[in-house]
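Peer 1: Next up is a structure, given as structure tokens.
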Amino acid sequence: MNTWKCGCYSLELHRKTYVMGIVNATPDSFSGDGVAARGLDAMLAHALQLAQDGADILDIGGESTRPGAEKVPEDEELRRVLPLIRALTARLDVPLSVDTTKSAVARAAIEAGAAIINDISAGTFDPAMLPTLAEFDCGVILMHLRGTPQTMEWSRQVRNAECGMRNQDVIEEILDFWRERVEAARAAGIADERIALDAGFGFGKSVDENLEILRRGRELSDFGFPTLSATSRKSTIGKILDDAPIGERLFGTAATTALAIANGADIVRVHDVKQMAQVARMTDAIVRTTDEHG
């Protein structure tokens, strides 16, 4: 696949890594950026700064997906994300992604100007999601996860994995899940050229499994669809770096970002756009064949 189709945007794959900047429209984001608490103007200013810093895509989320996060009602999620989408659409010409598992939110977001729907459940939480997305020409990101952020299954699966009780290799589990969800998307009427995949680093996985995802990233990128890596500031980095707090995970994030790109990731989803854009550019110069670098 040479391009990823996202509405009116067509992103050329393999030429460069696309940097996706995170815009949390939630008061309880794990990253602690606190932007949403300061209102629409603060979120808009933050998003515009990310674009200036080098974000190729902006990913807007109105519901936290950190472990233990409470569900957000549909009307509240819409209240958080729609004004920001409309404001950014009027000011920027970059693809806007919306991180949601609700088909009604996805529909409203696309109609307001979003070009990508980033669903952490790959359409499993809301059976109307894939048929809804099939009505549009947006990009679709399908992610692997275990359980939900709200259930005990999340923590139980992590404990089992850390105790060596896994029944299946994590990479094979992800690939099997991707195969099933790609077929579901196709059956709903979504073209392959619109689909990208995310291994779900940190979503119901142990530290060892998260490291395995990075170590064996080439097996995932060789699956045949664009892949997204989202390691930014996550707890695995903190645990490896002697329980480093969120604000001290920049260099750990840089290491995971560089390795993900070297193993074929097409998109990196990050908080620290300015720094990770430099990491992506440097890594691309080493590992990608371009006109500029031969």
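The values are calculated or read from the model by the stated rules, or taken from the named source; none is laboratory data. No experiment lies behind these values; they were computed from the predicted model shown. Reconstructed Cβ throughout: ideal geometry from the backbone, glycine too, with neighbour counts over all protein chains shown. For the accessible areas, the whole protein counts, side chains as well, though only heavy atoms, and no ligand, DNA or RNA atoms are used. Shrake-Rupley method; radii C 1.70, N 1.55, O 1.52, S 1.80 Å.
Peer 1: I'd like to verify a number: residues in region 94-104 that are of a type outside the set (Gly, Ala, Ser) and open to solvent by 10 Å² or more (accessible area, probe 1.4 Å), how many?
Peer 2: 4
Peer 1: Looking at region 190-208, which of its residues are more than 14 Å from PRO226 (Cβ to Cβ) and either at pLDDT below 95 or touching an Asp or Glu at 6+ places or on another chain (Cβ under 8 Å) (or both)?
Peer 2: GLY202, PHE203, GLY204, LYS205, SER206, VAL207, ASP208
Peer 1: Take region 38-61 and flag every residue that is closer than 18 Å to ALA115 by Cβ, open to solvent by 30 Å² or more (accessible area, probe 1.4 Å) and in a helix (DSSP H, G or I).
Peer 2: Once the filter is applied, which keeps residues that are closer than 18 Å to ALA115 by Cβ, open to solvent by 30 Å² or more (accessible area, probe 1.4 Å) and in a helix (DSSP H, G or I), region 38-61 yields only LEU48.
Peer 1: Considering region 115-143 alone, what residues qualify as being in contact with a helix residue (DSSP H, G or I) (Cβ under 9 Å, 6 or more places away or on another chain), in a loop (DSSP other than H, G, I, E, B), of a type in the set (A, V, I, L, M, F, W, C) and open to solvent by 10 Å² or more (accessible area, probe 1.4 Å)?
Peer 2: Listed by number, the residues that qualify are ALA128, PHE136.
Peer 1: If you don't mind, another one. Could you list, in sequence order, all residues of region 220-242 that are within 12 Å of the chain's Cα centre (by Cα) and of a type in the set (Val, Ile, Thr)?
Peer 2: Correct list: THR227, THR231.
Peer 1: Might you check whether a residue that is under 19 Å from the mean Cα position of the chain (by Cα) and modelled with pLDDT of 95 or more occurs anywhere in region 157-170?
Peer 2: Yes, because at least one residue in region 157-170 is under 19 Å from the mean Cα position of the chain (by Cα) and modelled with pLDDT of 95 or more.
Peer 1: Which residues, taken from region 62-83, are of a type in the set (S, T, N, Q) and open to solvent by less than 20 Å² (accessible area, probe 1.4 Å)?
Peer 2: SER64
Peer 1: Would you point out which residue out of ARG91, ARG107, ARG86 is open to solvent by 20 Å² or more (accessible area, probe 1.4 Å), in contact with a Phe, Trp or Tyr (Cβ under 9 Å, 6 or more places away or on another chain) and not acidic (Asp, Glu)?
Peer 2: Going through ARG91, ARG107, ARG86 in turn, the sole match is ARG107.
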